[in-house]
Structure formats: structure tokens, C-alpha cells
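So the structure is just underneath, and the comments pick up after that.
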Amino acid sequence: MKPKKLILSGMRPTGQIHIGNWAGALANWIQLQDDPENLCFFMVADWHALTTEYQDTSAVESNIQEMVLDWITAGIDPERAILFRQSWVKEHSELSLILSMITPLSWLERNPTYKEQMKELADKDISTHGFLGYPVLQAADILLYRATHVPVGEDQLPHLELTREIARRFNFMCKKEIFVEPQAILSPTPKVLGIDARKMSKSYHNTIHIAEEEPELKNKIQSMYTDPQKIRAKDLGHPTPCPENPTGCTVFSLHKIFENSAEKTALREKECREGQLGCVACKKDLLDEINALFKPLRRKRSELAHKNGLIQDILREGSLKARKHAMETLGDARKAIHYHELV
Ligand code: TRP
């Protein structure tokens, strides 16, 4: 049976993931996986991690383990989706090499994420061949599975456009429809603020992890920034609590995601603005909401973590399955350019 959508997406293994990644990318993956007519491939992009982390790779194994534990804890199901490790499917590097031969340098140099990252990661030496070629490897990831749809965040759209251009160029050159041009499925990027009210991001050390333990969670919520323009009640001679502005408030940004009723959140906003809801009570509500959600997840994550070799086995099995698809496409691509395999 031909799947309705052939989905491929990937994440670089950076260790435990946070609730911002969950509300963005992962929630979207789970939704796609839950449609039984879709065939989903979810990839640990470990070669991509090497493009920026090549100077110290000692944490790669544990980063993979922690990330995949989080995927499964959040609801990714290895029975329904194919979870695999990029470097274990060697076809990725081979196709990447072939595609690199036909990709004009100018396409890579004008890539906005490349230019941005070169500025942002100024402390790392990433003026390498591999880093410039990052989108070629990503194109190989996608084209190998003839993915029709790729769920990604907005920042990845230039890479997806490049993938389409590379596919078109290859097909045009060999006059065969070897590759399928994929479409993006944009992940909603809810604005999840970190505990310091900046964007939630691992590099800012302001994250909440999936299934975070209660004492840490409580500490983090209690120390959260609320209204950045807070006027102290006593400054105005007001009775407490005083009116607040939930815009830019971390606690409110998280209620918007975790409170399960839009009406309740709207009422919360109103009461906050009118000064009827103090920050301490509002934080207590948030702790209760997240705790209720995390309670079963903590148990699930710790049970999974105690099963020795579980993640290894899931990735091994997934990689073997992925490989079947990848070999077929790579075989077609080699034939199309008259590079027959050794038989
Ligand atoms: N570049 C993606 C990111 O940083 C990760 C990635 C690698 C990916 N290969 C992919 C995403 C293929 C989608 C499809 O988020």
C-alpha cells in the first residue's frame, strides 16, 4: 500500500530536549505518526552534529540516548515510525557525495542559515567544507527516502528549497525522475520563553526538560520572570496585587501551551491584567499543570532509561529498515549516472 504521505524529519542530537522543542517540532511529528496512512522516518542527524561539534565528539552517544529517550517519552512510537541513526545508514554519505558534485557553490554560499550561523557561532571554527555542505547532506537525507513531506521549523525552509533545487537539477541532468521534490510541513513555532524570559534555548541555559523532576521544576517555575514591566504595588501605593501585563511573561507563555482550556487561559489573562491574580498563585497553577502532565512521563522515561540497550536496539532495527529504502534510491541514482555497483 502506498502511504498517503512519506514523512522524513531529523534532529541533531544535542542531548535532552526541552519543552520548546516539544511544543514545536515533536508535537507535529507525533501528529503525523498517528495517522496510520503516513509512513514516517525520524532520524538522529548525528553527521550533522559533527559539522559544528567536530572538535569534541565525546558526548555524541549519550546525547543520542537522551534525545531518543525524550522522543519516546513524548509519544514517538518505534512500532509505528522508523527511528534511525543517520551514520548507520551509509547511503546518506554516499548520496551526499554525489549531490555535492552537482551543487553549485553559489547556492550554498547564499544560504541564509549559513551566513547567520557563521556570525552566530563565531567562537567555533566552522569555516569548513562540511559546514558549507550541510544542506547537501540534508538534501541526501530527504531524497534518499523520496519523502513527500518534511516537517520542519521556519529556520529550515531555505534548506528545503535547496533540496528541491538539487533534486530538480539531478533529475534534469540524467533526464529521469529519480528524486521526488519534497514539501515542507511547517511546525507551529509557538513562542516558548525560557525561565529568564528570553527565547527558550539550550545555549541560554534557560530550559525546562521533558519530564523534569519535581524539585527542579518547582525551583525553575518559582524563579521565572513574570511581567518585565512590572510596577511594584507599593510604588503606586496600590493594594496588592496590582495590574500586570502578561505579554512577555514566561509563566503566561507556558500557560498558553499547557493549560488545556483556551477559556481558562483567557480568564487568566484578564485577571492578571486587572490585578486579581498574583504571580505566586499563577506560578502555582503552572506547576500543577506541568506536574500533572509530567507525572506519568517521569515514570515512563525512567523505566525506558533502565532498559539496557533499548535505544540502541530501536535505532539498530530502524536503521536496518531505513537502509532498505535508502539502498533502492541510491541504486537508482547510481544507475542514472552510469555508476554501476560492484557485483
Ligand atoms: N537541519 C535540521 C535541524 O537543524 C536537522 C536535519 C538534518 C533535518 N537532516 C534533516 C531536518 C532532514 C529535516 C530533514 O533542525
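The values are calculated or read from the model by the stated rules, or taken from the named source; none is laboratory data. What you see is a predicted model; the values in this text were computed from it and never measured. Positions of Cβ are backbone-derived with ideal geometry, glycine not excepted, and every protein chain shown enters the neighbour counts. Side chains are part of the model used for accessible areas, which takes the heavy atoms of the whole protein and leaves out ligands, DNA and RNA. Shrake-Rupley method; radii C 1.70, N 1.55, O 1.52, S 1.80 Å.
For this structure, a couple of remarks:
- Computed in the context of the full set of protein chains, the accessible area of the chain at 1.4 Å probe radius has 54% of its extent on carbon or sulfur.
- Beta bridges per DSSP with both ends in the chain, % antiparallel, nearest 5: 10 percent
- Using 0.36 nm per residue and subtracting the Cα-Cα separation, the extra length available between Ser58 and Leu293 on full extension is 81.3 nm.
- Residue order for Val180, Val280 - accessible surface, 1.4 angstrom probe, largest first: Val280, Val180
- Distance between the modelled labels on Glu213 and Asp313, one decimal in nanometres: 2.7 nm (7 Å Cα→Cβ projection).
- Cα-based reach from Lys284 at 13 Å (exclusive), listing aspartates and glutamates while leaving out same-chain residues under 8 positions away: Glu214, Glu259
- Listed residues Arg164, Arg80 arranged by accessible area, highest first, probe 1.4 Å: Arg80, Arg164
- With all protein chains modelled, accessible area of Leu186 [1.4 Å, Å²]: 90 Å²
- Per-residue 3J(HN,Hα) values for segment 287-295, derived from phi via the Karplus relation 6.51 cos²θ - 1.76 cosθ + 1.60 with θ = phi - 60°, read 4, 4, 4, 5, 4, 4, 6, 7, 3 Hz in sequence order (x marks Gly and Pro).
- Solvent exposure of the chain as accessible area per residue, Å², 1.4 Å probe: 53 Å²
- P(r) tail fraction, the chain - alpha-carbon pairs more than 26 Å apart, %: 55 percent
- In this simple spin-label approximation, Lys284 and Arg334 carry label points 7 Å from Cα along the Cα→Cβ vector, and these lie 6.7 nm apart.
- For Gly10, the residues 5 or more places off, or on other chains, whose built amide H falls under 5 Å of its own are Met43.
- When both segment 289-343 and segment 89-112 are represented by their alpha-carbon centers, they are found 23 Å apart.
- Relative to the longest principal axis of the Cα atoms of the chain, the long axis of helix 262-273 lies at roughly 50 degrees.
- Using alpha-carbon coordinates, inclination of helix 310-336 to the longest axis of the chain, degrees: 40 degrees
- Counting only alpha carbon atoms, the long axis of helix 157-174 and the longest principal axis of the chain meet at about 10°.
- Among the listed pairs Lys124/Lys321; Lys220/Lys270; Lys4/Lys90; Lys5/Lys199, those beyond 30 Å (Cα-Cα): Lys124/Lys321; Lys5/Lys199
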